[in-house]
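The values are calculated or read from the model by the stated rules, or taken from the named source; none is laboratory data. Quick caveat, the model's predicted, so the values are computed rather than measured. Using ideal geometry, Cβ is built from the backbone for each residue, glycine included, and neighbour counts are taken over all protein chains shown.
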Amino acid sequence: SYRKGGYHAVRVGDQFAGGRFIAQRKLGWGQFSTVWLAYDTSTSAYVALKIQKSAAQFVQAALHEIDVLASISNDVDVNSKCVVQLIDHFKHAGPNGQHLCMVLEFLGDSLLRLIKYNRYKGLPLNKVREICHCILLGLDYLHREHGIIHTDLKPENVLLISTIDPAKDPVRSELSPILERPEGNINGGVTSLIEKKLKRRARRAVAKISGRNALLGGNEDPKSGRNLDGIDVRCKVVDFGNACWADKQFAEEIQTRQYRAPEVILEAGYSFSVDMWSFACIAFELATGDMLFTPKVGQGFSENEDHLALMMELLGKMPRKVAIAGAKSKDFFDRHGDLKRIRRLKFWPLSKLLVERYKFSESDAHEFSEFVLPLLDFTPEKRPTAQKCLEHPWLKKMENESGVENVGVGMSNLKMEPGK
Ligand code: ADP
Ligand code: MG
């Protein structure tokens, strides 16, 4: 991918925008871009530099993302709203072409890394509540104040607010560019022995410190999840490359597979409520460490059909009216609203799944299900809005260390917005 039209190869110390930004280390990458920590010499602050691939379709996508981000970043209120801030943008000419670069506020690790860091055990429910609250504030803001649908909500696209000073993390600064390079050697050639050795050493060191970026300390018992006490969990929604306006949509097929809503599979049209479906999938994943739906192609059925079957095994039968309403409905359903090729479904309701597989207490399972299930309504219009969801009692409940529940104690540093 480091070729004409692809990623721009960056080295530590590279300068951008006439020397204003200096690359420090790679923060991450996606299908469209690499993202670098950069020092902004004009403000003496750290920023995230998202450097897009240079081919025409990526330039187009970046212009679109800038368009969306600019429309929300003009808002004085944006910081409190759990959505990433666009600071600036510019073009950068490199050997692989012209790259659009977005200057974004610097954030921490993604929720995906947080889940991995916790060894896929599921986070304590209080942490899940805090994160859910933040994501909902972001969604409510996007949906209600800007009419924007994110359309690609997933743990990778929600970033924690960084708690470290990048200048004071030399180990990570040194290692990350080696570890997080998208496709191995940026020169596209044979990886040298020295580089292999460096990588091995880097992996060992990072295994020791991984997660430290966003998460301070933690116990080291490999059999259990880590101790996440004392971590102030706040986060922001990022990656607006696929976002659209409810009244100005671009794609029929949206969302990453596991977080995709049923109406998208059926091509029955969509609106804000697709984000609410993805949000419910994220809440489950945070609480259990597992993805809610992981459909697979099988003998005689497609990934889409398996996906619909998994949904119905968890949520019950899809109402016939909904099942037959999409342009693709006939591919999957007969006229009675039954799947054509997967005939026997094993119903396993959410609260039972939480108790039996994830060892939730009966009451935790019950309450968490009450929060999540309405968001997974097959009828999109029946799903609660982000605004409505913010009022849910489950979010307002805090448990203290001994597990005794206190209703109505504030979210440590996140104020609920009553009546808003
Ligand atoms: P793409 O559109 O290519 O998927 P993203 O916007 O999702 O790009 O960014 C790719 C990755 O870069 C993210 O998953 C994250 O790890 C990192 N990243 C993106 N934005 C920031 C930011 N503002 N601060 C820190 N890291 C970021
Ligand atoms: Mg992304």
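Tally the residues that are part of a loop (DSSP other than H, G, I, E, B) and surrounded by fewer than 23 Cβ atoms within 10 Å (Cβ to Cβ), restricting the search to the stretch 129-151.
Of all residues in the stretch 129-151, those part of a loop (DSSP other than H, G, I, E, B) come to 147, 150-151.
Still in the running and surrounded by fewer than 23 Cβ atoms within 10 Å (Cβ to Cβ): 147.
Number satisfying all stated conditions: 1.
Based on this model, can you work out whether ILE254 counts as in a loop (DSSP other than H, G, I, E, B), within 16 Å of the chain's Cα centre (by Cα), within 16 Å of ligand 1 (Cβ to nearest atom) and at pLDDT 95 or above?
Numbers: in a loop (DSSP other than H, G, I, E, B): yes; within 16 Å of the chain's Cα centre (by Cα): yes; within 16 Å of ligand 1 (Cβ to nearest atom): yes; at pLDDT 95 or above: yes.
So ILE254 fits the description; yes.
Quick check on the stretch 4-19. Is at least one of its residues in contact with a Ser or Thr (Cβ under 6 Å, 6 or more places away or on another chain), within 16 Å of ligand 2 (Cβ to nearest atom) and not in a strand (DSSP E or B)? Working first, answer last.
First, the residues of the stretch 4-19 that are in contact with a Ser or Thr (Cβ under 6 Å, 6 or more places away or on another chain): 5, 7.
Narrowing further to those that are within 16 Å of ligand 2 (Cβ to nearest atom): 7.
If we keep only those that are not in a strand (DSSP E or B) too, we end up with 7.
Scanning the stretch 4-19 turns up at least one residue that is in contact with a Ser or Thr (Cβ under 6 Å, 6 or more places away or on another chain), within 16 Å of ligand 2 (Cβ to nearest atom) and not in a strand (DSSP E or B).
Suppose we keep only residues that are under 12 Å from CYS235 (Cα atoms) and buried (at least 18 other Cβ atoms within 10 Å of the Cβ) within the stretch 61-105. Which one would you say is farthest from the chain's Cα centre (by Cα)?
Our first condition is that a residue be under 12 Å from CYS235 (Cα atoms); within the stretch 61-105, this holds for 79-84.
Adding the requirement that they be buried (at least 18 other Cβ atoms within 10 Å of the Cβ) leaves 81-84.
Details: LYS81: 16, CYS82: 13, VAL83: 12, VAL84: 12 Å.
Step by step, filter the stretch 61-105, then rank; the result is LYS81.
Out of (1) in a strand (DSSP E or B); (2) more than 16 Å from ILE87 (Cβ to Cβ); (3) modelled with pLDDT under 95, what's the single condition that is false for GLN31?
Against the list (1) in a strand (DSSP E or B); (2) more than 16 Å from ILE87 (Cβ to Cβ); (3) modelled with pLDDT under 95, GLN31 comes up short only on (1).
List, please: which pairs have Cβ atoms under 8 Å, are six or more places apart or on different chains, and start with a residue in the stretch 234-255 that is on the phi > 0 side of the Ramachandran plot and touching a residue at least 60 places away in the same chain (Cβ under 8 Å) and end with one that is outside any loop (DSSP other than H, G, I, E, B) and among the polar types (S, T, N, Q)?
ASP239/ASN157; GLN255/SER278
Pick from the stretch 150-165 the residues that are in contact with a Phe, Trp or Tyr (Cβ under 7 Å, 6 or more places away or on another chain) and within 11 Å of ligand 1 (Cβ to nearest atom): which of them is modelled with the lowest pLDDT?
That would be SER162.
Only one of these conditions is not met by GLY147: (1) of a type in the set (Gly, Ala, Ser); (2) within 14 Å of ligand 1 (Cβ to nearest atom); (3) closer than 29 Å to PHE250 by Cα. Which number is it?
The number of the failed condition is (2).
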